Structures are given as C-alpha cells and as structure tokens.
Amino acid sequence: MRIALAYSGGLDTSVLIKWLQEKYNADVITVTLDVGQKEDLNAIAKKAESLGVLKHYSLDTKNEFVKNYVFPAIKANALYEGKYPVSTALSRPLIAEKLVEIAKKEDANFIAHGCTGKGNDQVRIEVTAKAIAPEISVIAPVREWNMDREAEINFAKKHGIPVPVTTKKPYSIDQNLWGRSIECGILEDPAKEPPEDVFEWTTSPEKAPDKPEYLSLEFENGVPKAVNEEIMDPVSLIDYINVVAGRNGVGRIDHIEDRLIGIKSREVYECPAATVILEAHKDLEKLVLTRHEVSFKQQVDTLWTNLVYTGLWKDPLKDDLEAFIETTQLRLNGKVKLKLYKGGLQVVGRTSPNSLYDMDLATYDIKTTFNQLSSAGFIELWGLPTRVANALKQKKVAKNNVEST
Ligand code: ARG
C-alpha cells in the first residue's frame, strides 16, 4: 500500500509518517509545497528521508499559488467575514491538487493529511481531492488517533522523531505569501490581547517608524503589477509589500471567526501585503466601476469568498462568479497611492485611464456644464413613492383620531 502524505516538517506530520508506516505497513511518499512559508525546504526533505519515506517531493509552487489562487482572491476582494484574507484557505486546494498529482504518478491509491477534525482545512483538502480524483481514498489519522500532545511526544521519542524543545511558544502556525495564521495557547482566550511574541511579520504599531511611508501600487486587469513605478514579478511584489507594510505595523488581524463546522474561534493573523493590496484594489474599483457594478459585485465577492473559505474551490458556482468578476477586471487599470503609518493604512490618491470620476460633474464650482435646474424634477419623481406612502399614513392617523374622540 502506498500513501502520499502532505508533509509540513512539523511534529504532527512527522509522527504521521511513522504512524502510517506502522498501522498500514505502508510506503509513505511525502509532499511539501513551497507556497512562500519561508521554511528550509531542504531541511524538511532531509527530515522526511530520515524517517524512512519511500520518496520525498519538494515542489516550488509559489508562482502557481500567486497566479491561480491569490490573484483571483484579489479580484474578488476576498475578506471572509470582512476581516480574513483567506490565506490558509487558498493554499489548501493547491495542496490537494498536488497530492493527487503525486499519488497518481507514484501509483498510490491513498492520500493523507494532518488536519484535525475540528477545523476547515480537512474539508478543503478532502472536498477538492475527491472532486478531481474520486478514485483516491483519503486518510486523516489526526481525526481518529486521539493522541494528546504528551502521547504524541512519547510516540515521537519512541520512533526517533526530533521533538521541538520550545514549550514557551505553543502556537500552531500556518503561513504562505498571503498571510500568517497563529492559533492555540493563550490566543484561545478571546478576551486576552495577543502577546507580542505571536507576531513575526509585523512590527508593533508602537515601535513602527515615526515617519509615514508611501506606496504607489499599479494594477493591470485587476492585479498588482508595479510598486513605486517598478514592475515586479508577482511573488517578489507580494514579498516586498509584506516587508514594507510589516515594518509599519500594518496587517495585524484579530477577530472572531465562524468555522465551517459551526464552531466560533478566535483567530489572529498577520497579512501585511494582503491588507494593503485588497484596500487599494477595492478603492480602484470604486473609481472605475459604475455604482450598480460595485454594489452587485459586493454580493458576488462575498459568495466567492464563502465558497473558498468553506472548501468549495472546485464548485462550478465559483467559475460562474469568476466569469462576472473577470469582465469587471478588464477595466481595472490604474494607480493607487497609500500611506502607511504606525499600524494605520490609508488610501490617499488614485488614478485610472478608465476612471468614471468627472471633475466637471463633481465640482461645486459654478462654472460647470451640469444643469442644476434638472435636479428639481428629479427630486419630484425620486420622492414620489415615499410621498404617496406618507400621505396615506397621515390620512389613517387623522381618521383614527376622529374615531377615538
Ligand atoms: N482559521 C483559518 C482558516 O480556517 C486558519 C487555519 C489555520 N490552519 C492551520 N492548519 N494552522 O483558514
């Protein structure tokens, strides 16, 4: 029996290798994706090999991740429950896709992952894998093995798996180019402020520079293309904005999140680049799209984001929504200027060749071609239904007053 396992190099998935080998007498093939998590992929490969895997795959998927997963999220202004840029959620379908690809290549009928039974990630990986390869079975040992931290450490020691010595930072971390999620430990108490040591990508606003920093972000067809007039490849561009926004304390998120399976959870994230790019993108849309498009798109964006958060990356509705989103983005060209200062982020300017802003119309200067007299007739008709309804209401009140005297 052969199993392709999504391997992070951490304790859980390292224990998983041995557990799968032992329980199923299986050959384990480990797969690690580089989605910009900034970890030593060679060290992870060595660790997998030292645990006796049949084969290990390290895949650099940073470009693919940005172009096929992050870019659509930018176009959809994706913020789950108005706060979370779905960073982890975006990486899961890609992981599922690659696991299936490797499983097929290696003649494995099983894939395995280290997600718990309480979270969203199990759903995202399994629904996607099943949608593209129904013939492959999924094993999710963490859901069934019922090991607590201590049992896991004992199991690890028995099997020569290196155990991290730091008990000081008991956090569960997931990171990729679009953001960093921090869970567990003290963070599970939603009343307590996150301690400073949970943050790694962002300076605390108090310690951020005393001078504001500006960014000019250029968009082409809805996605960022250049920063401060310099064209960059998508991965470097996001990396760069993560650094600039991070050092200005921008991108910290702390909110109560509704998990798909119905549990409320306290989530803490650092998403500097996502926060900046989404803010700029949304602003540019308001300059370029009509008010009807903006208001309809908000609904489409929310639907898109909910599908992605809830693991339905492969649902046809997502393609349908994207067909609409794509048309709107064809005009989404232009530049947005942002000011970053001690944790604050402000759009302070925007331009576009497709701007619908008309100075002649907008100005309060009286030298304008707009005929103010036409507004009188407009108000007459605009308020008509409201006036009719209020007239009736007043008639009824008057009638009741007469009857009760
Ligand atoms: N709550 C976030 C989400 O569902 C973050 C999940 C983090 N996952 C993890 N395996 N640490 O997308």
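The values are calculated or read from the model by the stated rules, or taken from the named source; none is laboratory data. Quantities reported herein were computed from a predicted structural model and do not represent experimental measurements. Glycine gets a Cβ as well: all are built from the backbone with ideal geometry, and neighbour counts include every protein chain shown. Quick note on the areas: whole protein, heavy atoms, side chains included, nothing else; ligands and nucleic acids left out. Shrake-Rupley method; radii C 1.70, N 1.55, O 1.52, S 1.80 Å.
Starting from the Cα gyration tensor of region 35-79, take the square roots of the eigenvalues, sort them a ≥ b ≥ c, and report rounded, prolate or oblate (rounded when a/c is under 1.5, otherwise prolate if a/b is larger than b/c, else oblate).
Since a/c reaches 1.5 and a/b is larger than b/c, the shape of region 35-79 is classed as prolate.
If DNA, RNA and ligands are ignored and the probe is 1.4 Å, what is the ranking of 115, 184 by accessible area, most exposed first?
Ranked from most to least accessible, the order is 184, 115.
Arranged from highest to lowest average of other beta-carbon atoms within 10 Å per residue, in what order do the peptides 392-398, 334-340 appear?
Packing proxy ranking, top to bottom: 334-340, 392-398.
Roll a 1.4 Å probe over the protein chains and send me the accessible area per residue for region 196-244 in Å².
51
Ratio of Rg to Rh for region 132-248, alpha carbon only, Kirkwood?
Computed over Cα atoms, the ratio is 1.10.
Highest GNM mean-square fluctuation, the chain, Cα pairs closer than 10 Å: which of 369, 386, 310?
386
If you average 1/r over all unlike Cα pairs in region 80-196 and invert the result, what Kirkwood radius do you get in angstrom?
Answer for region 80-196: a Kirkwood hydrodynamic radius of 16.6 Å.
Output the 0 to 90 degree angle, nearest 10, between the alpha-carbon long axis of helix 121-132 and the longest principal axis computed from the alpha carbons of the chain.
Between helix and principal axis, roughly 90 degrees.
What spacing in nm lies between the two simple spin-label points modelled at residue 361 and residue 130, each 7 Å away from Cα in the Cβ direction?
According to this spin-label approximation, the distance is 5.0 nm.
For the pair residue 263/residue 392, report the inter-label distance in nm, with labels modelled 7 Å from Cα in the Cβ direction.
5.1
How far is helix 384-404 tilted off the main Cα axis of the chain, in degrees rounded to 10, range 0 to 90?
80
Helix 316-329 against the longest principal axis of the chain: what's the angle in degrees, Cα atoms only, rounded to the nearest 10?
Approximately 50 degrees, to the nearest ten.
With the full set of protein chains in place, find how many percent of the accessible area of region 249-383 is carbon and sulfur; take the probe as 1.4 Å.
Within region 249-383, the accessible surface is 59 percent carbon and sulfur.
If you take every DSSP beta bridge fully contained in the chain, what fraction is antiparallel? Give it as a percent rounded to 5.
The antiparallel proportion sits near 70 percent.
Nearest 0.05, what FRET efficiency do residue 371 and residue 243 give at R0 = 56 Å with Cβ-Cβ as r?
According to the calculation, E is roughly 0.65.
Of 113, 56, which has the most accessible area and how do the rest follow, probe 1.4 Å?
56, 113
Could you please tell me the mean projected area of the C-alpha convex hull for the chain, averaged over all directions and given in square nanometres to one decimal?
Averaging across all directions leaves 29.3 nm² for the Cα convex hull.
Roughly speaking, what is the centre-to-centre gap between region 272-346 and region 126-150 when only Cα atoms are used, to the nearest Å?
Spelled out, the Cα-based centre of one part sits 32 Å from the other.
Taking R0 as 45 Å, what FRET efficiency do you get between residue 382 and residue 303 from their Cβ-Cβ distance, rounded to the nearest 0.05?
0.90
In percent, what relative contact order does the chain have, based on Cα pairs under 8 Å that are 6 or more apart in sequence?
Reported relative contact order: 17 percent.
Stokes-Einstein D for region 261-328 at 4 °C, 1.567 mPa s, Kirkwood Rh over Cα pairs, in µm²/s?
93
Using a Gaussian network model of the chain with C-alpha springs under 10 Å, which one of 279, 126, 49 is most mobile by mean-square fluctuation?
49
Return one quarter of the surface area of the convex hull spanned by the alpha-carbon atoms of region 233-276, equal to its mean projected area, in nm².
It is 3.7 nm².
Taking all protein chains in place and a 1.4 Å probe, what share, in percent, of the accessible surface of region 116-166 do carbon and sulfur account for?
53
Rounded to a whole number, what % of the accessible area of region 168-239 do carbon and sulfur atoms account for, probe 1.4 Å?
49
Leaving out ligands and nucleic acids, and using a 1.4 Å probe, what accessible area per residue does region 13-85 come to in Å²?
Result: 41 Å² per residue.
Which whole-angstrom value gives the distance between the alpha carbon centres of region 151-210 and region 47-90?
Going from one Cα centre to the other spans 19 Å.
Order 60-68, 281-289 from most to least packed using the mean count of other Cβ atoms within 10 Å.
281-289, 60-68
Once Rh is set to the Kirkwood radius over Cα pairs, what Stokes-Einstein translational diffusion coefficient, in µm²/s, holds for region 344-405 at a temperature of 25 °C and a viscosity of 0.890 mPa s?
It diffuses with D of about 146 µm²/s by this estimate.
Take the alpha-carbon positions of region 267-405, form their convex hull, and give its projected area averaged over all directions (one quarter of the hull surface) in nm².
Mean orientational projected area (region 267-405, Cα hull): 17.1 nm².
Modelling each spin label as a point 7 Å along the Cα-to-Cβ direction, I'd like the residue 144/residue 292 distance in nm, to one decimal.
My value for the distance between the label points is 5.5 nm.
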